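Only one structure is covered here, and it is reproduced in the block below.
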Amino acid sequence: MSILQTLKDRFRPVLVDLVGTEDAEKALDLIRPAQDARFGDYQANMAMPLKKQLRKPPREIASEIIGRLNLDDLCEPPEVAGPGFINLRLRESVLADRLNAAAGDSRLGVAPVSQSRSYLVDYSAPNVAKPMHVGHIRSTVIGDALCRVLRFLGHQVTSDNHLGDWGTQFGMILYGYKHFLDTDAYAKDPLGELARLYRHVRSLMDNDEAIAKAVLAETAQLHAGDSENRRLWQEFIPVCLAEIDRMYGRLGVHFDHTLGESYYHDRLPGLVDELIASGLARRSEGALAVFLDGQETPMLVQKQDGAFLYATTDLATVRYRMETFHPDAILYVVDHRQSLHFKHLFAVARMLGYNNVELTHVSFGTVLGDDGRPFRTREGDIVGLESLLDEAVRRAGEVVAANDESKPGGPELSPEERQRIAETVGIGALKYADLAQNRTSDYVFSFDKMLAMNGNTGTYMQYAYARIRSIFRKGGVDPASLRGSGAAIQLETPEERALGLQLLQFGEALDQVVVDYRPNQLTSYLFDLAGRFTTFYEKHSVLKAEPDSLRQSRLLLCDLTAETIKQGLSLLGIDVVEQM
RNA sequence: GUCCCCGUAGCUCAAUUGGAUAGAGCGUCGGCCUCCGGAGCCGAAGGUUACAGGUUCGAAUCCUGUCGGGGAUACCA
């Protein structure tokens, strides 16, 4: 159980006694890690808001709470400060005991949640007919990290990649295939040729209404079951899937299910009939619309020409997921421009009776270029995901090479090792840069920033990890046997104490991630952890520490730090390297 | 027009969801290498949190208004 949870359990009976069960829970939420180490390790802030209810000065309330608490085994005597803050400082022995338990635990002292929930996470969802690009990074990386954190905490997670495999983009490719196909190019590189056709038709549509209409007609024929279009679709899909699978392989992302829009196609007519029958949907301006209270625009579920829309598919998808997976929550990791769509979707889902499920749009901002506009190449094209990964790896290679050259004992890595490390560091840096952002903000993309060895970057975190591992190599110490040796962590200095406390708060950081589905809570934690480690490491010798018990204690602290960094990065979908 | 998001150090971003003196990195300035990886560490300067009101013990955070930026807004997804 986390320190925070332990403290809450101690406060609970006192607060229940004071203000009743319901208000006590609210008050317990006001126990927090201290914002400033001068105030101790944790602080309880409930005395101030309870002023009105209890009709006493907050400081008096704080004193009364302290008087009824028995925290002697956990904390130094609590202090009341300022307007009524209760400052708590943990006993060194408590920290040491918990650290020793964590050091020997594969979960690093993080207990699984007591109440496991079932999550369905919908993320990535590229349109498969066109190459993946920079716009897919955020959904893919954030969704993957959320799945990993939720699973680690003991929740049941189903990931589903809701591919765009049935939309207008296929009409474009079908039209292009029929009019502009380069047969030789298609034979040699089907994907490249399909991508070319997509771009070509895309540009034609903008200036030629007749072509735009013809493209929609191709799409409609595909949906209507036209045998030629279906055959071509069957031919295109494996090509497209092979490509995105290659990308996911490189990113280390895996889905439990890949049920694209096409999967739901047969379910749409029945769903729409039901919406009409139940009176939820009605004709408006030739289309079929569901009107919502307080909403200016309705949600359209069928076009004038009879074609269905993505709202229709999304509704069918909600129903399928509810019937198949029975989730407690469905998370949609989709950019913020679609917030109105999800507002509509969730409202209609409630009207269909899906009231016992959390429906959350985990929205995120746009990746911008230096100019503050959405990130593009110099030529103004959308940046392809593959070239983005290649460039990140290439630049990581330069960083790794320069770093290796400057090692005190000379270079240690072969060209092959450098290449392998560059792949891990480059892709890790790319992911980390995205996850370290508050997901709701737009952010400015910069290779230089993401690969910097300073600051809150993936490269810095991987470097911190490699440095710790290097201590063990240099000292000839095997971490596994150290853990089993019976050696114990002791907290001799302020730096060790600060590091130790941070290590024990790993689980609390993960809890923070889940509260609002914000992976940057974890990157912040890891950056802070690395900072406390380097402060400790600069000031105190590890390998040369005496007596031997102190040396062992510090080695254990190093090891637990490394393991926590490794586990934390792993929960972000990022690998570590032992040397770099 | 309406709705949503945003505006924080010169730059890029945080801020435990209403808590104490708003923090990091980059950049600037000043210290620290006989020593476990110096691409490091320690310190300083830099802020009226766009602006004006309000709510309360307490506001970057909540409410109202103004200004500025972005997004969405009926048959793309």
Query raised in the report: So which of A:Arg38, A:Arg98 ends up being of a type in the set (Lys, Arg) and under 26 Å from A:Phe152 (Cα atoms)?
Result: A:Arg98
Query raised in the report: Considering the range A:273-290 alone, what residues qualify as being within 14 Å of RNA strand B (Cβ to nearest atom) and among the acidic types (Asp, Glu)?
Result: A:Glu285
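Within the range A:509-543, take every residue that is charged (D, E, K, R), near RNA strand B (Cβ under 8 Å from one of its atoms) and farther than 20 Å from A:Val333 by Cβ and give me the one that is surrounded by the most Cβ atoms within 10 Å (Cβ to Cβ).
Filtering first and then ranking leaves A:Lys539.
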Report task. Collect the residues in the range A:412-426 that are more than 10 Å from RNA strand B (Cβ to nearest atom) and more than 26 Å from the chain's Cα centre (by Cα), keeping them in residue-number order. Result -> A:Ser414, A:Pro415, A:Glu416, A:Glu417, A:Arg418, A:Gln419
Report summary line: Of the candidates A:Thr424, A:Thr440, the one satisfying the condition of being out of contact with any Gly (no Cβ under 9 Å at 6 or more places or on another chain) and of a type in the set (S, T, N, Q) is A:Thr424
Query raised in the report: Out of the range A:372-405, which residues are of a type outside the set (A, V, I, L, M, F, W, C) and over 14 Å from A:Val134 (Cα atoms)?
Result: A:Gly372, A:Arg378, A:Glu379, A:Arg394, A:Arg395, A:Gly397, A:Glu398, A:Asn403, A:Asp404, A:Glu405
Query raised in the report: When the residues of the range A:427-463 are filtered to those that are of a type in the set (A, V, I, L, M, F, W, C) and touching a residue at least 60 places away in the same chain (Cβ under 8 Å), which remaining residue is farthest from RNA strand B (Cβ to nearest atom)?
Result: A:Ile427
**Report entry** Hey, A:Ile142 of a type in the set (A, V, I, L, M, F, W, C) and touching an Asp or Glu at 6+ places or on another chain (Cβ under 9 Å) or not
**Finding:** yes
Report summary line: Inside the range A:464-508, the number of residues satisfying the requirement of being within 14 Å of RNA strand B (Cβ to nearest atom), free of Cβ contacts under 8 Å to residues at least 40 places away in the same chain and closer than 25 Å to A:Glu92 by Cα is 2
Query raised in the report: What number of residues in the range A:26-71 are closer than 24 Å to A:Glu508 by Cα and surrounded by fewer than 14 Cβ atoms within 10 Å (Cβ to Cβ)?
Result: 8
Query - Of all residues making up the range A:335-351, the number that are closer than 17 Å to A:Leu146 by Cβ and either at pLDDT 95 or above or polar (S, T, N, Q) (or both) - result: 1
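Matching residues to (1) within 16 Å of RNA strand B (Cβ to nearest atom); (2) assigned to a loop (DSSP other than H, G, I, E, B); (3) open to solvent by 40 Å² or more (accessible area, probe 1.4 Å):
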position: A:Arg250; (1), (2), (3): no, no, yes
position: A:His265; (1), (2), (3): yes, no, no
position: A:Leu292; (1), (2), (3): yes, yes, no
position: A:Arg319; (1), (2), (3): no, no, yes
Query raised in the report: Among the residues of the range A:37-53, is any touching a Cys at 6+ places or on another chain (Cβ under 9 Å), free of Cβ contacts under 8 Å to residues at least 60 places away in the same chain and aromatic (Phe, Trp, Tyr)?
Result: yes
Query raised in the report: Does at least one position in the range A:350-357 carry a residue that is basic (Lys, Arg) and touching a residue at least 24 places away in the same chain (Cβ under 8 Å)?
Result: no
Query - Among the candidates A:Leu300, A:Leu331, residue that is open to solvent by less than 60 Å² (accessible area, probe 1.4 Å) and either in contact (Cβ under 8 Å) with a residue 12 or more places away in the chain or over 20 Å from A:Val157 (Cβ atoms) (or both) - result: A:Leu331
Query - The lone exception for A:Pro83 - which of (1) out of contact with any helix residue (DSSP H, G or I) (no Cβ under 6 Å at 6 or more places or on another chain); (2) over 23 Å from A:Thr493 (Cα atoms); (3) within 14 Å of RNA strand B (Cβ to nearest atom) it fails - result: (1)
Query - Residue count for the range A:27-52, restricted to those that are touching a helix residue (DSSP H, G or I) at 6+ places or on another chain (Cβ under 9 Å), within 6 Å of RNA strand B (Cβ to nearest atom) and part of a strand (DSSP E or B) - result: 2
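The values are calculated or read from the model by the stated rules, or taken from the named source; none is laboratory data. Model, not experiment: these values are computed from the prediction. Glycine also receives a Cβ, built like all others from the backbone with ideal geometry; neighbour counts cover every protein chain displayed. Please note that ligands, DNA and RNA were not included when accessible areas were found on the heavy atoms of the full protein model with its side chains. Shrake-Rupley method; radii C 1.70, N 1.55, O 1.52, S 1.80 Å.
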